[in-house]
1. Residues being within 30 Å of LYS298 (Cβ to Cβ) and part of a strand (DSSP E or B): count how many of those fall in segment 87-112.
2. Can you tell me which residue among GLN119, GLN179 is touching a residue at least 40 places away in the same chain (Cβ under 8 Å) and of a type outside the set (Ser, Thr, Tyr)?
3. Which condition from (1) touching a Lys or Arg at 6+ places or on another chain (Cβ under 9 Å); (2) surrounded by 20 or more Cβ atoms within 10 Å (Cβ to Cβ) is the one that ASP274 breaks?
4. Which numbered condition trips up VAL406, out of (1) aliphatic (A, V, I, L, M); (2) at pLDDT below 95; (3) in contact with a Leu (Cβ under 8 Å, 6 or more places away or on another chain)?
5. For ALA300, are the conditions met, namely being touching a helix residue (DSSP H, G or I) at 6+ places or on another chain (Cβ under 9 Å), in a loop (DSSP other than H, G, I, E, B), crowded, with 18+ Cβ neighbours inside 10 Å and in the same structural domain as GLY138 (by TED's automatic domain parsing)?
6. Restricted to segment 344-357, and to residues that are crowded, with 17+ Cβ neighbours inside 10 Å and free of Cβ contacts under 8 Å to residues at least 60 places away in the same chain, which residue is farthest from LYS120 (Cα to Cα)?
7. What pairs can you find where one residue is in segment 184-201 and farther than 23 Å from GLY57 by Cα, the other is charged (D, E, K, R), and their Cβ atoms are less than 8 Å apart, with a gap of 6+ or different chains?
8. If only one of VAL46, VAL71, VAL63, VAL29 is under 23 Å from the mean Cα position of the chain (by Cα) and either over 19 Å from GLY109 (Cα atoms) or of a type in the set (Asp, Glu) (or both), which one is it?
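The values are calculated or read from the model by the stated rules, or taken from the named source; none is laboratory data. All figures in this text were calculated on a predicted structure; none of them were measured in a lab. So basically every Cβ, Gly included, is an ideal-geometry build from the backbone, and we count neighbours across all protein chains shown.
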Amino acid sequence: MTQAIQAIRGMNDILPDEAPLWERFEDTVRSWLKSYGYRNLRMPIVEPTPLFRRAIGEATDIVEKEMYSFVDELNGEHLTLRPEGTASCVRAVVQHNLLYGGPQRLWYGGPMFRHERPQKGRYRQFHQIGVEALGLAGPDIDAEHLLMCARLWDDLGISGIRLHLNSLGSLDERHRHRQALVAYLEAHRDALDEDSRRRLVTNPLRVLDSKNPAMQGLIEGAPRLLDHLGDASLAHFDAVQVVLRDAGIPYRIDPRLVRGLDYYNLTVSEWVTDRLGAQGTVCGGGRYDGLVELIGGKPAPACGFAMGVERLIALMRDAGAADAGEPLDVYLVHQGTAADRFAFTVAEQLRSHGLSVLLHAGGGSFKSQMKRADSSGAAVAVIVGDDEAAAREASVKALREERPQVRAALDTLPATVNDILYDERND
């Protein structure tokens, strides 16, 4: 027997019983984004590899170890399955000159790809919703993004998500901090693990993001970037916090929060939870004012964030959200040559009036079909035999409550079904 082919490790199927909760999440997100005036942008899954090397940073874990990159054999192009969405979004904005018409508030969603060790909440194909505001320099847009997130957690019915906040300042301020940080780490080189020694040369700020427990004491004593910020950066950071305090959103300033991508400056944030084990970050982002120019556009400020869909759906389940979708309205039972043909007309008539209909397929007796109807979860069985087909009528039987079976003409059938549905769902 031929061995069955399995999905790639870390790239998961979303099965029909799971999909309704995903659909509920997506519907909620679309409504939430519309309420803030953000418009949808859809980018390719495959992008030129240089886009991510330039935007994310050569010395980041994503570029060094995690990207799915390959060479197109037809034309020799170096291509990559997108590991994140911000660089792709900015590339599209620059390519299509979207900022010519003024600031842009955009959002996107879909799969991202990183070659990581699969574990709960961390997959090789994962899904993100990203939100980006381009052309807006003030702290008000940073604050709006944080208020947006707080509202979404409430809309999704999840709690226990905490906000961590930091400022990375300007490029000059980060250079001054980098000098102090390198001097500090060099003085404690013997205490650094192998990964941190490598980062000390390539990207010392990322040492602060180490999760090695043995490194935490050393990291706590490292020079803080906040202590190197000038008046303008501090004023920007303070203005963001004022809005958060006015809105009653609690937060914690985390001077070790640096994010894993090189393009950030000024405000950075993460929303974290204790309910997902080691993968506690469900949303993160910040300001990236230099990225538009880095990718080839005219200098423009920008700010954004992205959230992990799988992790948020796990939190929805943890909060009691059910996977079940909308109940099926009608299971259509039919038997007989004329009935089998007429059943299609009946099904389309019901669907034209907004009802969901599962038309039985595969034959079988009325008894076996009624068992299928009952197990389908439908509220109503519509039954068509040759007698009903000749009269252009159908019988209607409630499946979830005791009431007499009735017969209705084709043109009144939708109203008859809706009356039963209304009674059942409003008892």
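1. 8
2. Values: GLN179 fails: touching a residue at least 40 places away in the same chain (Cβ under 8 Å).
Residue meeting the stated conditions: GLN119.
3. (2)
4. Single failed check for VAL406: (3).
5. So ALA300 fits the description; yes.
6. The selected residue is ALA347.
7. Within 8 Å, the pairs are ARG189/ARG197.
8. Details: VAL46 fails: either over 19 Å from GLY109 (Cα atoms) or of a type in the set (Asp, Glu) (or both); VAL71 fails: under 23 Å from the mean Cα position of the chain (by Cα); VAL29 fails: either over 19 Å from GLY109 (Cα atoms) or of a type in the set (Asp, Glu) (or both).
After ruling out the rest, the residue left standing is VAL63.
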